[in-house]
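Heads up, the thing below is written out as structure tokens.
The values are calculated or read from the model by the stated rules, or taken from the named source; none is laboratory data. Because the structure is a prediction, the values reported are computed rather than measured. Glycine also receives a Cβ, built like all others from the backbone with ideal geometry; neighbour counts cover every protein chain displayed. With ligands, DNA and RNA removed, areas are computed over all heavy atoms of the protein, side chains included. Shrake-Rupley method; radii C 1.70, N 1.55, O 1.52, S 1.80 Å.
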Amino acid sequence: MNAPRRRKPVVAIDGPAGAGKSTVTRKVAERLGYLIVDTGALYRVVALAAERAGVSAEDETRVTALADALVAENAVQLRRGADGASQVLLRGQDVSLSIRAQGVGQGASKVSAFPGVRDALLDLQRAQGREGGVVLEGRDIGTVVFPDAEAKFYLTASVDVRAQRRRDELAARGTPPTLAEVLSEVTERDRRDSTRPVAPLRQAEDALLVDSSSLSIEQVVEQIVASVKSVERKLAPTP
Ligand code: C5P
């Protein structure tokens, strides 16, 4: 991929499930006036579309064909909601809530291991970030989608902290599973995401590691914003 000359950086925030990426991404983007691209939402939409079509998330051939068709039909759209969070549309219908179901998360982790599905979604992600001034959150943004991103972060936390946060988030939506259930789901997703042969979850060599286990959201946001601002200054044309 040619490295375009951007005036504002592409910010990549990768990390495992429950590390706080969505909240941090939203706040960082707000502070910087950047757009948000939640790439996990794209894999979730594929999993949801498969579920609705009665296709098993383990059926590589059919799931890949489905992902290709969704992209060809321009059936998946990301847009910014009134609250600043990103919204996801599937064939014009807002599925932002439906894709957050636990089963869809597991499905997303399965379908995202298929190389054809990753390929289908790659250009979509690159098109969203090309101009810069955007924060992309995911698992392989700094390693695969935008290896030339000017600001990369790997956001993580201990598995216990991540499971607790995930449970709190689900409880706030009214469906609290037990901590043991969430812990096993997070562990399983971590295992699948980091051991798949294509674009596994890992820290890019030039990414800044941010361990949020004992940091507040605000402290994490502060650290990332300060780092992106220093990149912005380097990209700004000298008078
Ligand atoms: O971030 P989120 O939990 O919404 O992601 C759902 C799943 O999508 C992840 O478990 C991961 O398997 C997959 N994913 C991915 N690459 C990305 C973003 C998400 O493989 N860039």
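Observations on the model:
- If the condition is being open to solvent by 60 Å² or more (accessible area, probe 1.4 Å) and more than 12 Å from the ligand (Cβ to nearest atom), then segment 93-117 contributes Gln93, Asp94, Leu97.
- Selection count where residues are farther than 12 Å from Arg100 by Cα and either among the hydrophobic types (A, V, I, L, M, F, W, C) or buried (at least 22 other Cβ atoms within 10 Å of the Cβ) (or both), scope segment 41-60: 6
- You will find that of Gln128, Gln106, Gln77, the residue that is in a strand (DSSP E or B) and polar (S, T, N, Q) is Gln77 and no other.
- Unmet requirement for Ala120, which otherwise passes all of (1) buried (at least 19 other Cβ atoms within 10 Å of the Cβ); (2) under 30 Å from Thr178 (Cβ atoms); (3) among the aliphatic types (A, V, I, L, M): (2)
- Verdict on Val63 being within 11 Å of the ligand (Cβ to nearest atom) and crowded, with 18+ Cβ neighbours inside 10 Å: no
- For Gly54, the criteria (1) over 25 Å from Lys152 (Cβ atoms); (2) assigned to a helix (DSSP H, G or I) hold in every case but one, which is (2).
- Those residues of segment 90-103 which are under 23 Å from Arg196 (Cβ atoms) and either out of contact with any Leu (no Cβ under 9 Å at 6 or more places or on another chain) or at pLDDT 95 or above (or both), in sequence order: Ile99, Gly103
Residue-wise test of (1) under 19 Å from Thr143 (Cβ atoms); (2) not hydroxyl-bearing (Ser, Thr, Tyr).
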{"site": "Asp14", "(1), (2)": "yes, yes"}
{"site": "Ile36", "(1), (2)": "no, yes"}
{"site": "Thr39", "(1), (2)": "yes, no"}
{"site": "Arg44", "(1), (2)": "no, yes"}
{"site": "Val55", "(1), (2)": "no, yes"}
{"site": "Glu60", "(1), (2)": "no, yes"}
{"site": "Leu66", "(1), (2)": "no, yes"}
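- When Glu131, Glu58, Glu73 are screened for being at pLDDT 95 or above, among the acidic types (Asp, Glu) and more than 16 Å from the ligand (Cβ to nearest atom), only Glu73 passes.
- If you check Asp14, Asp38 for being within 12 Å of the ligand (Cβ to nearest atom), buried (at least 21 other Cβ atoms within 10 Å of the Cβ), modelled with pLDDT under 95 and closer than 30 Å to Arg233 by Cβ, only one passes: Asp38.
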